[in-house]
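Beneath this line is the structure, given in structure tokens, with notes to follow.
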Amino acid sequence: IAERIFGIVRATATARLPLADGGYIRLCDIAADNLWREMPFWSSPATHQVLRNKSDGVRRIMHGYMDLVFTAGGRDFYILDYKSNSLSSVDPALIDKYVEEHYALQAQIYTEALDAYLQKFYPDTPYRVAGCYFVFLRYLAPDSSTGIHFIDVNTLKD
């Protein structure tokens, strides 16, 4: 079991994360000052479209944590969410569709929360949210992009 856990940690640190500019980065290559673990967020209908679109008229507040937020190059910010669930019942050809159906709303919520944070605390900077990763821990392969699903957050905007 220890070897399997070590393998998952190693694969997570060395997995190739595609960047919005076409390059890639590995978590082990990011300076500690550019990583935010367990980043909390609090939101209201003013922040999140999903809360504004509720038809029940109840004003809602949302609280959560993003597993990891990091910046690559100082301008683009990325969200990374770890997934431990098995995808063994999902046809490999349908993984993109599966992620879209199960996690697109989560990516949108996280993106809106991080964007609101960046706008509030860094209003005069060119910072932007560039993408959201879903990292399926059971399927990672060291020094590859196997097990990583990247969502370009620009596809989530209206």
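Scanning segment 87-132 for residues that are among the β-branched types (Val, Ile, Thr) and more than 19 Å from Leu17 (Cβ to Cβ), which turns out modelled with the lowest pLDDT?
Val90
In segment 50-63, is there at least one residue being exposed (fewer than 12 other Cβ atoms within 10 Å of the Cβ), at pLDDT below 90 and part of a strand (DSSP E or B)?
Yes, segment 50-63 has at least one match.
If you take the residues of segment 1-29 that are charged (D, E, K, R) and surrounded by fewer than 16 Cβ atoms within 10 Å (Cβ to Cβ), which of them is farthest from Asp143 (Cα to Cα)?
It comes out as Asp21.
How many residues does segment 133-158 contain that are among the aliphatic types (A, V, I, L, M), modelled with pLDDT under 75 and closer than 25 Å to Ile5 by Cβ?
1
Scan Tyr122, Tyr82, Tyr98 and give me the residue that is surrounded by fewer than 19 Cβ atoms within 10 Å (Cβ to Cβ), free of Cβ contacts under 8 Å to residues at least 40 places away in the same chain and under 27 Å from Cys28 (Cβ atoms).
Result: Tyr122 is the single residue among Tyr122, Tyr82, Tyr98 that is surrounded by fewer than 19 Cβ atoms within 10 Å (Cβ to Cβ), free of Cβ contacts under 8 Å to residues at least 40 places away in the same chain and under 27 Å from Cys28 (Cβ atoms).
Which condition does Ile151 not pass, out of (1) of a type outside the set (Phe, Trp, Tyr); (2) touching a residue at least 12 places away in the same chain (Cβ under 8 Å); (3) within 23 Å of Tyr24 (Cβ to Cβ); (4) in a helix (DSSP H, G or I), if it passes all the others?
(4)
The values are calculated or read from the model by the stated rules, or taken from the named source; none is laboratory data. These figures come from a predicted structure and were not determined experimentally. Neighbour counts run over all protein chains shown; Cβ positions are idealised from the backbone, glycine included.
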